[in-house]
1. Out of all the residues in segment 355-370, is one or more aliphatic (A, V, I, L, M), within 24 Å of the chain's Cα centre (by Cα) and more than 28 Å from residue 111 (Cβ to Cβ)?
2. Please verify whether residue 294 is under 23 Å from the mean Cα position of the chain (by Cα), in a helix (DSSP H, G or I) and over 30 Å from residue 270 (Cα atoms), treating the condition exactly as stated.
3. Pairs only if they're at least six apart or on different chains, beta carbon under 6 angstrom, first in segment 154-179 and in contact (Cβ under 8 Å) with a residue 40 or more places away in the chain, second in a helix (DSSP H, G or I) and of a type in the set (Phe, Trp, Tyr); list them, first residue then second.
4. Condition check: of a type in the set (Ser, Thr, Tyr), touching a Gly at 6+ places or on another chain (Cβ under 9 Å), closer than 16 Å to residue 275 by Cα and at pLDDT 85 or above. Does residue 385 satisfy that?
5. So how many residues does segment 391-446 have that are without any contact (Cβ under 8 Å) to a residue 24 or more places away in the chain and among the aliphatic types (A, V, I, L, M)?
6. Looking at residue 404, is it crowded, with 19+ Cβ neighbours inside 10 Å, at pLDDT below 90 and not in a helix (DSSP H, G or I)?
Amino acid sequence: MEPDDETRDVGTERRGDRVADAAGRGVVAGTRGVIAAGRGAGRGVSSAVRLARRAARAEGAGDSGLSRLIELHSFNAAGDAAVAISLAGTIFFADPGGAKGPVLLFLALTMLPFAVVAPLLGPFLDRFSHGRRWAIGFTMVFRAFMCWMMADAVASDSEALYPTALGCLIASKAYGIARPATVPRLLPPDQTLVKANSRISLAGIVGAAISAPLAGLAASVGPEWSLRYAFVVFIGATVLAILLPAQADATAGEQHVGRRERFRLPATIVFALRCNVGLRFLVGFLTIFMAFVLTQHPFESWGDKNTTILLGLVVGSASVGNIIGISLSSILKRLNPAVVVVVGLVADVAAAICAAVFYGLPASIVLGLTIGVAASMGKLGLDATIQRDVPETYRTSAFARSETVLQLSWVFGGLVGVALPTGHAVVGLVVMASIITAWTGFVLVGRRSQAAEAA
């Protein structure tokens with residue numbers, strides 16, 4: 001018996017109600033799932049933040065105030081990463097295989113901030129040691145202002161981009177010499193200077209790693225938005241700088257009174273700095289020379305279609321080595337800074353010779369890893385030596401001078417990489433190995449002469 005129209009309508013309506021109810025329940029369930037996922041992600045981020053803060057406060061760092069400096073440095077690295085992402089490709093290696101003129105311009109521009117930092121900002125910050133928290137805070141708020149100005153310049157395609165970017169870089173270098181000068185005042189009794197420096201550097205790596213995707217997401221909307229994101233990060237860093245503990249500043253009785261005498265670097269620092277000159281030279285050479293070689297004349301077995309992969313493997317291996325070196329320094333309990341810098345330099349010599357003799361992808365990756373590990377550990381050893389052997393009233397100036405010398409070494413390595421022919425990679429590596437071997441001999445002979453004079 002066929003159902004009448006009314007019965008069919010009722011059945012259809014009931015089935016529709018059931019479908020609507022099911023759909024409604026599905027929407028509600030989906031909404032609840034999204035909310036639950038959001039809450040889970042929020043709890044994950046909160047847990048990560050709590051874990052990071054516990055790690056920063058471990059081994060007495062929370063009681064001494066070092067944890068505050070660790071958190072501040074993570075914000076600093078996060079802001080710098082955002083600025084780098086927003087300006088990526090505007091100056092350096094927009095066309096790595098093209099003319100070398102833009103690279104030479106980049107190398108020259110990297111030295112401009114140090115023309116201000118070494119002779120001017122270093123002595124000024126030493127005299128301002130009783131207000132170092134405010135000095136560090138000023139470098140942050142100044143960068144925040146420069147980022148906002150850069151964002152407007154990028155949005156309007158204005159020439160103001162270049163002076164504001166230079167101002168941001170100068171403030172970044174000023175922070176870079178003021179921050180390590182503050183570490184000895186906040187050092188916990190159970191930590192060495194090398195370990196404290198490595199923990200601060202690790203915090204910077206974590207901050208940059210977290211910030212880079214966020215800055216990239218903002219840059220996908222427009223390059224000016226990653227700069228506005230950096231503005232917010234640097235404002236937060238300004239607050240953290242002001243909240244640094246009072247012992248970060250020199251007290252009235254510790255301030256240097258009277259005429260400043262000419263300061264000479266102790267022999268221990270000269271030796272550590274010379275070792276780091278060789279380490280930093282290799283970093284500059286590897287970055288510039290291998291980038292040109294791999295974009296123009298990649299390894300024969302790889303062909304011409306894997307340039308990006310090769311650059312990531314060879315040049316990126318130095319970044320991986322940098323992280324490994326910092327991690328090792330934070331794990332090892334006792335490290336002699338003088339031994340660290342010598343071992344790093346000798347290891348680089350061995351890796352450079354092997355890369356020249358056994359030229360290929362494996363040897364190049366080993367070279368990058370060795371250079372990264374040695375450069376990071378060597379720099380931590382140099383910083384610890386300056387923090388240990390230089391009086392408070394000259395410490396920032398000493399850091400300014402050392403950073404300037406190291407940057408000059410990086411630039412010189414890059415210039416050698418630009419000057420050498422990229423069509424004969426082995427020849428370039430032989431030249432590089434010869435230079436670093438000769439420099440190592442000079443450093444070790446000079447150290448022996450210093451020891452003989454001291455005896």
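1. To start, the set of residues in segment 355-370 that are aliphatic (A, V, I, L, M) comprises 355-357, 361, 363, 365-367, 369.
Subsequent filtering for residues that are within 24 Å of the chain's Cα centre (by Cα) retains 365-367, 369.
Next, from what is left, pick out any that are more than 28 Å from residue 111 (Cβ to Cβ): 365-366.
Taking every residue of segment 355-370 in turn, at least one turns out to be aliphatic (A, V, I, L, M), within 24 Å of the chain's Cα centre (by Cα) and more than 28 Å from residue 111 (Cβ to Cβ).
2. Considered against the rule, which asks whether it is under 23 Å from the mean Cα position of the chain (by Cα), in a helix (DSSP H, G or I) and over 30 Å from residue 270 (Cα atoms), residue 294 comes out as no.
3. Going by the 6 Å Cβ cut-off, the qualifying pairs are 177/399.
4. Considered against the rule, which asks whether it is of a type in the set (Ser, Thr, Tyr), touching a Gly at 6+ places or on another chain (Cβ under 9 Å), closer than 16 Å to residue 275 by Cα and at pLDDT 85 or above, residue 385 comes out as no.
5. 5
6. Values: crowded, with 19+ Cβ neighbours inside 10 Å: yes; at pLDDT below 90: yes; not in a helix (DSSP H, G or I): no.
So residue 404 fails the test.
Matching residues to (1) out of contact with any Cys (no Cβ under 6 Å at 6 or more places or on another chain); (2) in the same structural domain as residue 295 (by TED's automatic domain parsing); (3) assigned to a helix (DSSP H, G or I); (4) buried (at least 20 other Cβ atoms within 10 Å of the Cβ):
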{"site": "343", "(1), (2), (3), (4)": "yes, yes, yes, no"}
{"site": "367", "(1), (2), (3), (4)": "yes, yes, yes, yes"}
{"site": "372", "(1), (2), (3), (4)": "yes, yes, yes, yes"}
{"site": "383", "(1), (2), (3), (4)": "yes, yes, yes, yes"}
{"site": "398", "(1), (2), (3), (4)": "yes, yes, yes, yes"}
{"site": "423", "(1), (2), (3), (4)": "yes, yes, no, no"}
{"site": "435", "(1), (2), (3), (4)": "yes, yes, yes, no"}
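The values are calculated or read from the model by the stated rules, or taken from the named source; none is laboratory data. On a predicted model such as this, the values are computed, not experimentally measured, just so you know. Cβ coordinates were reconstructed from backbone atoms using ideal geometry, including for glycine residues, and neighbour counts include every protein chain displayed.
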